[in-house]
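The values are calculated or read from the model by the stated rules, or taken from the named source; none is laboratory data. This is a predicted model, so every value here is computed, not measured. Positions of Cβ are backbone-derived with ideal geometry, glycine not excepted, and every protein chain shown enters the neighbour counts. Surface accessibility is based on the protein's heavy atoms, side chains included, excluding ligands, DNA and RNA. Shrake-Rupley method; radii C 1.70, N 1.55, O 1.52, S 1.80 Å.
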Amino acid sequence: MEPIFTPEQLIEIKAYHLPWYIRSAVLPMVNLGLLLLMLGALNKPYYRFAEASAARLNNRFRGLRSAPVLRVFFRVFDRLWGGPGWGAALIFALALQLTFTILLSPVEFYFSYVLEHRYGMSTYTPLRYFIDTVKTVGMGCMLVACLVFGLYGLARRTRRWWLVLGVPVAILMLVASSLIDPYRGRLFFDQQPLEAGPLRTQLTELLARADITFADIVVEKTSVISKRVQAYFAGQGPTRTIVLNDVILREFTEGEVVAAVAHEAGHVNESKWPNRIASSLALVAFLFLIDRFLRLAAARGWFGTTQFADIRTVPMLMLLLFIVMTVFAPISAWFSREREREADRYALRLTGDPATFRQMLVKAARVNKMDPEPPGWLVFKGMSHPPIGERVASIPKP
Ligand SMILES: [Zn+2]
C-alpha cells in the first residue's frame, strides 16, 4: 500500500512539528518557573499594586456606589465577597492572569500565527486573529472573576464551601455541559445546516443504522481561520448535533466524510458515565485539597496572608492545578487513545468499508499535516489520539 507521505513531504512534516515538540518539552518548565516567581518575588508587589489601585479607583468613583442602578451592582458584589475589599482581590487576580498572558503572548503568536502561516495551515487575517485573541483573553478574565467571587468569595463566607461549590458544579458538569456543547462552536464560527442532497441522505442513513438520534447536521465555517479538516459530534440525545467543517466538505469525497462521521458515531456508544463520575469526584476532591491548603496558608501566614481564603494564595492554587493536570494528563490521554482505537474499530464494523476508512485517515493526515510517527514521550505525555501511522496500520487489509 502506498505510504501516507512521500519522503519530501515527510521532511516538511517533521520540520513543521519540531518547534511544537520543543514547545511541549519546554513550556511546562517555563510555566512552572513563572508560577514559582509569582509565588515568591512577585506576590508582595502585585498585592501592594492591587490594594493601591483599588483605593485609587474607590476615591475617584466614590459617587458610583450610590448611583441608581450601579448601587445594586456594588451591593451584589459586596454580598458575594462577604464585605468590601473585592476590588483589590479582583485586580490582584486579573493582574496575575494578564501577566501570564502578556509574557507568553510572543510564543503564542509564533505558534498560532507565524508557524501556521509558514506551513500553509492558517487562513487567519491579522484582524480576525486580533478579534479572536481579544475574545479569548476576555473569556480568561471572566473565568478569573468567577474564580474570585465563586471560589474565594464563597470560601470566605461558608465553612464547607468546597461541597457547596463542588457538588452543584459537578452536577452541572454531568448534565448541562453536554446540553451547552452545541452552542460553543457558534461563539467563534458561523454554522449552517448541511443542505439536502446525497451526502445528507447517506449520513442520515448511517446514523439510523447506528441507532443514533440527532437534532441536525451543520456545517461550521472554520475556513476563515484554518485549512484543517474537522468533524465532531456536539451535545447529546435531543441536542446532539453533527458538526462538519466547510474544509472537510471541500477536501473529502462523500464516502470519506461518511467514514469520518462513522468514527465519531463510535464515540456516542462508548460508556461516558465512568469518565464523568470520575471527573466529578476528582473535582470535589481537588476543591477539598484547595481547602486544606488555604487553611494551612492562613494558619502559617504564607505569602503574607492574614485570613482564610486570602487572595494572595491564587498563585498557590494555580500551582496546585498545574501539578494535578501534569500528573493526570498522561492517564487521561491513555484512556482517550483507547477510546479512539475503539471508535476506529466501531466505524469499520458500521461501514464495512476498510478501504475508504483508510483513505479517509490518509487524507486527514495529509490535509492536517499530521506527523505519522510522533516521539513516544509526546504520545505518553498527553496525546489524545494514537499516532496516525498506527491508526492506518491497524486497519485490517481487505
Ligand atoms: Zn475520535
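Residue by residue, here is whether (1) without any contact (Cβ under 8 Å) to a residue 40 or more places away in the chain; (2) in contact with a Leu (Cβ under 9 Å, 6 or more places away or on another chain) holds:
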| residue | (1), (2) |
| --- | --- |
| G120 | no, no |
| M139 | yes, yes |
| R160 | yes, no |
| V164 | yes, yes |
| L187 | no, no |
| G197 | yes, no |
| D211 | yes, no |
| V218 | yes, yes |
Review point. Which one of these does V224 not meet: (1) in a helix (DSSP H, G or I); (2) modelled with pLDDT under 95; (3) of a type in the set (A, V, I, L, M, F, W, C)?
Key: (1)
Exercise for review: Among the candidates E108, E116, single out the residue that is open to solvent by less than 70 Å² (accessible area, probe 1.4 Å) and at negative phi.
Suggested key: E116
Study note, to complete from the structure: Selection over the stretch 34-72 where residues are closer than 19 Å to A93 by Cβ, aromatic (F, W, Y) and open to solvent by 90 Å² or more (accessible area, probe 1.4 Å) yields a count of 1
Practice item. Take the stretch 227-263 and flag every residue that is part of a loop (DSSP other than H, G, I, E, B) and within 23 Å of the chain's Cα centre (by Cα). Key: K227, R228, V229, Q230, G235, Q236, R240
Practice item. Residue by residue through the stretch 249-284, note down the ones that are modelled with pLDDT of 95 or more and away from the ligand (no atom under 14 Å from the Cβ). Key: L249, R250, E251, F252, T253, E254, G255, E256, V257, V258
Practice item. Could you please find all residues in the stretch 237-248 being within 14 Å of the ligand (Cβ to nearest atom) and either of a type in the set (D, E) or at pLDDT below 90 (or both)? Key: none
Check your understanding: Based on what the data block shows, is L80 within 30 Å of F100 (Cβ to Cβ), touching a helix residue (DSSP H, G or I) at 6+ places or on another chain (Cβ under 7 Å) and surrounded by 15 or more Cβ atoms within 10 Å (Cβ to Cβ)?
Key -> yes
Revision key, fill the gap. Taking first residues from the stretch 37-56 that are free of Cβ contacts under 8 Å to residues at least 40 places away in the same chain and second residues anywhere that are crowded, with 19+ Cβ neighbours inside 10 Å and β-branched (V, I, T), the pairs with Cβ under 8 Å that are 6 or more apart or on different chains are S53/I91; A54/I91
Check your understanding: Being under 20 Å from the mean Cα position of the chain (by Cα) and modelled with pLDDT under 95, is that true of even one residue in the stretch 289-312?
Key -> no
Practice item. Name every residue in the stretch 220-230 that is touching a Leu at 6+ places or on another chain (Cβ under 9 Å) and open to solvent by 20 Å² or more (accessible area, probe 1.4 Å), in order of residue number. Key: Q230
**Study point:** Checklist (1) within 16 Å of the ligand (Cβ to nearest atom); (2) within 26 Å of the chain's Cα centre (by Cα) applied to P372, failing item
**Key:** (1)
